[in-house]
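See below for the structure under consideration.
The values are calculated or read from the model by the stated rules, or taken from the named source; none is laboratory data. Just so it is clear, the model here is predicted, and its values are computed rather than measured. Methodologically, a virtual Cβ is constructed for each residue, glycine included, from the backbone with ideal geometry; neighbour enumeration extends over all protein chains shown.
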Amino acid sequence: MTDQPNGHNPLPTETAPAGDDGPQVGVLAQYVKDLSFENPNAPGSLQKLQQVQPKIDVNVNVNARKLADDVYEVDLKIEVSAKQDEETAFVVDLLYAGLFGIRGLPEDQLEAFLVVSAPSLLFPFARRVIADATRDGGYPPLMLEPMDFGGLYMQQRGSNIEGAPASVN
């Protein structure tokens, strides 16, 4: 792997002693790729907050792809909709991503890292972005419950007809 323009190796070397070829993983960057907040019925929906708490629906998807040797991008797509009665209060769509440098991780562990461990590292930051967006939209900050990405991964693998793991692009 080549050095970054700033002269630093993108993967942490402190985690493995010299001469150890064990797995090394580093978060190279994390960022908002896309963020949308819709407040279609404001100010009426904000006034209704006193009488009707919104019903919150959350959908989460994870996608991972290889960008270069030892570099993967993991996308965490979170869609939140809130309804009061049958009227939309707000909708938040967030695509939060991270770049991960991965070296020496066995191939049979790579997929699990990319769809379980990596999103687990990204989630607290994505959660904060959603809380800020809902607060800035006039609602109380929406604090999403922690996600069990391992359970979601096992559920997806169990529902796969062939029993083969989902592919990582």
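Output the number of the condition that E111 fails; it satisfies all remaining conditions of (1) within 18 Å of Q24 (Cβ to Cβ); (2) surrounded by fewer than 16 Cβ atoms within 10 Å (Cβ to Cβ); (3) acidic (D, E).
Every listed condition holds for E111 apart from (2).
Picking from M154, M143, which residue would you name as being farther than 23 Å from V52 by Cβ, more than 12 Å from the chain's Cα centre (by Cα), surrounded by fewer than 17 Cβ atoms within 10 Å (Cβ to Cβ) and of a type in the set (A, V, I, L, M, F, W, C)?
On inspection, the qualifying residue turns out to be M154.
Considering only segment 95-119, how many residues are part of a helix (DSSP H, G or I) and within 14 Å of the chain's Cα centre (by Cα)?
Residues flagged as part of a helix (DSSP H, G or I) and within 14 Å of the chain's Cα centre (by Cα) within segment 95-119 amount to 7.
For segment 91-108, what are the residues that are under 17 Å from P141 (Cβ atoms), buried (at least 18 other Cβ atoms within 10 Å of the Cβ) and among the β-branched types (V, I, T)?
V92
In the set R128, R135, which member is surrounded by fewer than 19 Cβ atoms within 10 Å (Cβ to Cβ), under 17 Å from the mean Cα position of the chain (by Cα) and among the charged types (D, E, K, R)?
Going through R128, R135 in turn, the sole match is R128.
List every residue pair whose Cβ atoms sit under 9 Å apart, with the two residues 6 or more apart in sequence or on different chains, where the first one lies in segment 65-84 and is touching a residue at least 12 places away in the same chain (Cβ under 8 Å) and the second, anywhere, is of a type in the set (S, T, Y) and not in a strand (DSSP E or B).
V80/T134; A82/S45; A82/T134; A82/Y139; Q84/S45
Can you tell me which residues in segment 72-90 are among the β-branched types (V, I, T) and surrounded by 17 or more Cβ atoms within 10 Å (Cβ to Cβ)?
Answer for segment 72-90, where residues must be among the β-branched types (V, I, T) and surrounded by 17 or more Cβ atoms within 10 Å (Cβ to Cβ): V74, I78, V80.
Of everything in segment 33-57, what is surrounded by 15 or more Cβ atoms within 10 Å (Cβ to Cβ) and basic (K, R)? Give them in sequence order.
Answer for segment 33-57, where residues must be surrounded by 15 or more Cβ atoms within 10 Å (Cβ to Cβ) and basic (K, R): just K48.
Yes/no per residue for (1) of a type in the set (G, A, S); (2) modelled with pLDDT of 50 or more; (3) touching a Pro at 6+ places or on another chain (Cβ under 8 Å):
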| position | (1), (2), (3) |
| --- | --- |
| M1 | no, no, yes |
| G7 | yes, no, no |
| P12 | no, no, no |
| P17 | no, no, no |
| D21 | no, yes, no |
| V32 | no, yes, no |
| L35 | no, yes, no |
| P40 | no, yes, no |
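Determine if segment 33-55 includes at least one residue that is out of contact with any Leu (no Cβ under 8 Å at 6 or more places or on another chain) and of a type in the set (F, W, Y).
Taking every residue of segment 33-55 in turn, at least one turns out to be out of contact with any Leu (no Cβ under 8 Å at 6 or more places or on another chain) and of a type in the set (F, W, Y).
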